[in-house]
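Peer 1: Could you have a look at this structure, given as structure tokens, before my questions?
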Amino acid sequence: MILLDRVTVMYPNKTVALSGISLHINPKEFVTIVGASGAGKSTLIRLLIKEEVPTSGKIIVGSIDYDTIDKANIPHLRRRIGVVFQDFKLLPNLTVYENVAFALEVSGVKTSEIKRAVPKILQLVGLSEKMHNYPSELSGGEKQRTAIARALVRNPKILIADEPTGNLDPKNSWDIIELLLKINRFGTTVVLTTHNKEIVDALKKRVITINRGRVVKDEKIGKYSL
């Protein structure tokens, strides 16, 4: 599903963000990526959604070789990869329903399909009763659930959750992690980045540790250790 082969990212000032990273993530896997700030996690995510181009090395996601994809096909690639961020990135003037629907509208999906898909995904994330609320009327956990619904509504094969619990209290954090596990059980590959040691240790899932741009540990059932 996700293959990186000796991927290096070096910036013009000679700063090396990633150095010869190789890793393979299988379909339907749940993987947590950990590392100190500046270790290279954000660069890795930008590579996967093609906001960053490697200096050298190869990236393949699904059957797509990133070396051969042209600009016109990048939106199609990103429809296959859902991304959730720490700061939600919701549109404040749109309701929960409208925020999620917007992800389909910009892809040219028919109104009839939007009306069918959005309520189903809101039910999945537990927000059916909040669909007409605006972001300012939601708790932090509800905002993140809306962001997850927006990322999932296009049925991506991969969901990248970049520090999704960073702005949440412990209870809401666990609620979001349980939702990610549920999504993974339905067959979506989940790639989670987090600084939360308690969450990483409790998950008992594969943990990839990045330090100074290199993979220094890759454990099938890992713990948070830097």
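The values are calculated or read from the model by the stated rules, or taken from the named source; none is laboratory data. Quick caveat: nothing in here was measured; it's all calculated off a predicted structure. Backbone-built Cβ (ideal geometry, glycine too); neighbour counts: all protein chains shown.
Peer 1: Would it be correct to say that residue 99 is crowded, with 20+ Cβ neighbours inside 10 Å, at pLDDT 95 or above and either of a type outside the set (Ser, Thr, Tyr) or within 17 Å of the chain's Cα centre (by Cα) (or both)?
Peer 2: yes
Peer 1: Taking the range 201-212 on its own, how many of its residues are farther than 19 Å from residue 148 by Cβ and either buried (at least 16 other Cβ atoms within 10 Å of the Cβ) or under 17 Å from the mean Cα position of the chain (by Cα) (or both)?
Peer 2: Total meeting the criteria: 5.
Peer 1: Shifting gears a bit: Among the listed residues 114, 33, 21, which satisfies the condition of being assigned to a helix (DSSP H, G or I) and surrounded by 16 or more Cβ atoms within 10 Å (Cβ to Cβ)?
Peer 2: Answer to the selection: 114.
Peer 1: From the list 167, 184, 196, which one is at pLDDT below 95 and within 27 Å of residue 101 (Cβ to Cβ)?
Peer 2: So the residue among 167, 184, 196 that is at pLDDT below 95 and within 27 Å of residue 101 (Cβ to Cβ) is 167.
Peer 1: Of all residues being modelled with pLDDT of 90 or more and surrounded by 13 or more Cβ atoms within 10 Å (Cβ to Cβ) in the range 56-68, which is farthest from the chain's Cα centre (by Cα)? Just the residue, please.
Peer 2: Restricting to residues being modelled with pLDDT of 90 or more and surrounded by 13 or more Cβ atoms within 10 Å (Cβ to Cβ), the top hit is 57.
Peer 1: Considering only the range 69-92, I want to know if a residue exists there that is at pLDDT below 95, part of a helix (DSSP H, G or I), among the aliphatic types (A, V, I, L, M) and surrounded by fewer than 15 Cβ atoms within 10 Å (Cβ to Cβ).
Peer 2: Looking for residues that are at pLDDT below 95, part of a helix (DSSP H, G or I), among the aliphatic types (A, V, I, L, M) and surrounded by fewer than 15 Cβ atoms within 10 Å (Cβ to Cβ), one finds at least one in the range 69-92, hence yes.
Peer 1: Ok, one more. Give the residues of the range 194-226 that are assigned to a strand (DSSP E or B), over 20 Å from residue 20 (Cβ atoms) and out of contact with any Phe, Trp or Tyr (no Cβ under 9 Å at 6 or more places or on another chain), sorted by residue number.
Peer 2: Hits for the range 194-226: nothing passes.
Peer 1: I'd like the full set of residues that are of a type in the set (Val, Ile, Thr) and either in contact with a Phe, Trp or Tyr (Cβ under 7 Å, 6 or more places away or on another chain) or in a helix (DSSP H, G or I) (or both), limited to the range 136-180.
Peer 2: 146, 148, 176, 177
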